[in-house]
Amino acid sequence: MHTIDIDLVDMTLDVMKYAIDRISNVTPELGAPKKEEDLLRIVGETVTARGIGGEAAFKLFRDVLVKATVPIDHPRHLAFVPAAPTRAAIMFDLVTSASSIHGAYWMEGGGGIFCENQAMKWLVSLTGMPKGTFGVFTSGGTAANLSAIVAAREEWRSREEDHIGLKGLLITSDAAHSSVQAMAKVIDADMLMIHCEGDNLTGKELQATINKLEKKDRKRLFAVVATGGTTNAGIIDELDTIADVCGKENVWFHIDCAYGGGALAARSVRHLFNGIERADSVTIDPHKWLFSPYDCGAVIYKDMELAKNAHSQKGSYLEIFKDEGAHGFNPSEYQIQLTRRVRGMPLWFSLAMHGTDKYRVAIERGIELAQIAAKKIEDRPYLELVRPPSLSVVLYRRKGWTPDQYREWTYKNHRDGVALVTPTKWKTNGEFETVSRFCFINPDTTEKDIDVILDTME
Ligand SMILES: Cc1ncc(COP(=O)(O)O)c(C=O)c1O
């Protein structure tokens, strides 16, 4: 297994050929999952005492198993939050693995962490947060949100002795991503959700909510989580006024920009994020709108010492990493994970190769595609916009359709290899309605792709 022989050489060539073919294929097949029992019937048991050989295993993956997945970078994959990693970033992902770098501490990972930090410097500069602000790459937005709210909770607990043992409370809006609620559960905090009825959360609503808290609950309030680009509709909360309230109330201000963070680089919409520079922490997912391969999230903190107080692990076996002689930036001290892949390296390489201007152009294209799609929707009598596009998300309805018709349409288009576009729900006049949703990320999506999809709704 650890020796170099002809089988290893053959397998390596297969893998490299596959990787090159895959990243140069601009129209990958829109695969669809099969049932597990069907896959098992086709490929058989693959893990055996003697092994089935690299050639056979690779063939099964290439010819059967990968076809039972949906390529996230397909130009007509406009569901959920899709992705479109740059080819440079994908190739460098292979290099990241091949280099076997432990990304927890500078002592082992210094050169790789240097690359990550170069990319992080650019991300931080996009936020406009003050000197001293920095961050680390995480496995995704969920882990970044968790890391931030743990830092917030620990800061709150350290303030007053009677906060210790008290169950924390955080406030967010009902449009916040599901991971915020899930992570509040992980840290056993209570969550109060402000109903925004399809609008953005404002400082005024936040203040009114805080004013209504009973004294004992006000004491438990340790963080407010705003969203910089909601997953469902691309809406950005009123960050400036929320920052005012958080400042006045002395509450940690976290902004979840997991999806929308890429748009900080887009000059056409940057003003919508005004106030972000006053956050205590921010989540941005490079694996969404910054064209990084999975998995790559990021958490940014105004005060790195507070993050370190919350996350730094202690153990006699770890002391040497923190010794002056080994000292450098230790990413593990600022988020929940110890051993970690240097997952910011593919983003760094792609940024270094292409420069940040090309990123700005590619992100603006997503916003432009949303505007183009909106116009095409307005031009078709059987369709209508539910609301104007926000960032790169478009919500629209097929007049007269029932929820079942949206579902059937999604499955049919997927089955036919046309597109993956999924329905969502939107509250109109107090009632939830099933509607269709586009989320544009891939700059290679064409106007024709949009026409093809909309035409299937006629
Ligand atoms: C706003 C927002 N926050 C958090 C997440 C969770 O990120 P991840 O799936 O990378 O954990 C998402 C995912 O879509 C998101 O859109």
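The values are calculated or read from the model by the stated rules, or taken from the named source; none is laboratory data. As the structure is a computational prediction, the values presented were derived from the model and not from experiment. Glycine gets a Cβ as well: all are built from the backbone with ideal geometry, and neighbour counts include every protein chain shown. With ligands, DNA and RNA removed, areas are computed over all heavy atoms of the protein, side chains included. Shrake-Rupley method; radii C 1.70, N 1.55, O 1.52, S 1.80 Å.
Brief remarks on what is shown
- Accessible area per residue (1.4 Å probe, heavy atoms of protein chains only) ranks 186, 43, 393, 15 as 186, 15, 43, 393, with the largest value leading.
- Relative to the current alpha-carbon distance between residue 360 and residue 249, full extension at 0.36 nm per residue lengthens the span by 36.4 nm.
- Three-way shape call for segment 29-168 based on the alpha-carbon gyration tensor, with the a/c threshold at 1.5: prolate
- Solvent exposure, largest accessible area first (probe 1.4 Å, DNA, RNA and ligands not counted), of 193, 183, 353, 1: 1, 353, 193, 183
- The residue 295 and residue 199 beta-carbon pair, evaluated with R₀ = 22 Å, returns a calculated FRET efficiency of approximately 0.10.
- Farthest toward positive dipole pole in the chain [+1 Lys/Arg, -1 Asp/Glu at C-beta], among 94, 125, 252: 252
- Of the solvent-accessible surface of the chain, computed with a 1.4 Å probe and all protein chains present, 54% belongs to carbon and sulfur.
- Net charge, residue 143 excluded, C-beta distance under 11 Å - Lys, Arg +1, Asp, Glu -1: 0
- Counting charges near residue 273 (Lys, Arg +1; Asp, Glu -1) among other residues having Cβ under 14 Å from its Cβ returns a value of -2.
- Accessible area of the chain divided out per residue, in Å², using a probe of 1.4 angstrom: 47 Å²
- Computed on protein heavy atoms with a 1.4 Å probe, the accessible areas place 368, 319, 205 in the order 319, 368, 205, largest first.
- Loop GluC sites (Glu not before Pro), segment 102-187 (other Cβ atoms within 10 Å of the site Cβ: 12 or fewer; DSSP): 160
- Accessible area (Å², 1.4 Å probe, nearest 10) - residue 29: 130 Å²
- Overall form of segment 316-385 per C-alpha gyration tensor (a/c, 1.5; a/b vs b/c): prolate
- Surrounding net charge for residue 315, when Lys and Arg each add one and Asp and Glu each subtract one, Cβ distance under 14 Å: -1
- In segment 363-458, the alpha-carbon atoms span a convex hull of 90 Å³ per residue.
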